[in-house]
Amino acid sequence: MKAKEAEPERSQGSGREDSRGQSSGMVPASHSAQLSLLECLLLLLLSLLLLPLGLPVLGAPPHLICDSRVLERYILEAREAENATLGCAEGCSFSENITVPDTKVNFYAWKRMEVQQQAVEVWQGLALLSEAILQGQALLANLSQPSEALQLHVDKAVSGLRSLTSLLRALGAQKGAVPLPNAASSAAPLRTFTVDTLCKLFRIYSNFLRGKLTLYTGEACRRGDR
């Protein structure tokens, strides 16, 4: 009787050993979670490194700018910056003039343009506007007591323009902005003028996003010109 009672105990013990043997060949759930977290962190770090270079962010939809909510977010930031500097006197004037793109749009002429011509105007305008914001950022930093609130708005504009450049590149705007050999002579020069205050600079930024950039992205997304 004692021998018979011992057999189930050995059988149960071997079952526990099998269970342990099977589990030893599997990756613990906590280890898998750690690997997933590490991969996400590495992707985020790589995205942050690529963004200042104007390269498309990995893991982001290639035509994200076709979602109107994305562009509306940058327009809102630009208008907030413009409103924050309305009536600003101290610390809002530049020691030198800054060249910016002309944001006026002749809608009749714009609709008659090829998407490639629109891309040239938008891409060149965005590049000049980015340079203007960076110049404004440098001039603001040279002030004896720069306003932290103004610096924050300028920093947001710099970051926003870098993101927009990346999104437009993913849309293929830079390819359309390269004129064909037989069309190089017909390309009109970019119209520009100068501003001397931060408020005027932000107004140009806001108008450019709400005008030419919105018109171009809307048409390019509808035509599938990517």
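The values are calculated or read from the model by the stated rules, or taken from the named source; none is laboratory data. It should be emphasised that the depicted structure is a prediction, and the values quoted were computed from it without experimental measurement. FYI the Cβ positions are ideal-geometry reconstructions off the backbone, even for glycines, and counts take in every protein chain you see.
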Pairing a residue in the stretch 189-215 that is closer than 12 Å to Asn83 by Cα and modelled with pLDDT under 95 with any residue that is in a helix (DSSP H, G or I) and among the charged types (D, E, K, R), where Cβ atoms lie under 7 Å and the two sit 6 or more apart in sequence or on different chains, gives Cys199/Glu82
Among helices (runs of 4 or more DSSP H) completely within the stretch 68-184, the ones holding 3 or more residues that are among the polar types (S, T, N, Q) and at negative phi are 115-141, 148-171
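Per-residue answers, yes or no, for (1) loosely packed, with under 10 Cβ neighbours inside 10 Å; (2) closer than 18 Å to Cys199 by Cβ; (3) of a type in the set (A, V, I, L, M, F, W, C); (4) modelled with pLDDT under 85:
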residue: Gln34; (1), (2), (3), (4): no, no, no, yes
residue: Leu50; (1), (2), (3), (4): no, no, yes, yes
residue: Pro62; (1), (2), (3), (4): no, no, no, yes
residue: Glu90; (1), (2), (3), (4): yes, yes, no, yes
residue: Asp102; (1), (2), (3), (4): no, yes, no, no
residue: Arg112; (1), (2), (3), (4): yes, no, no, no
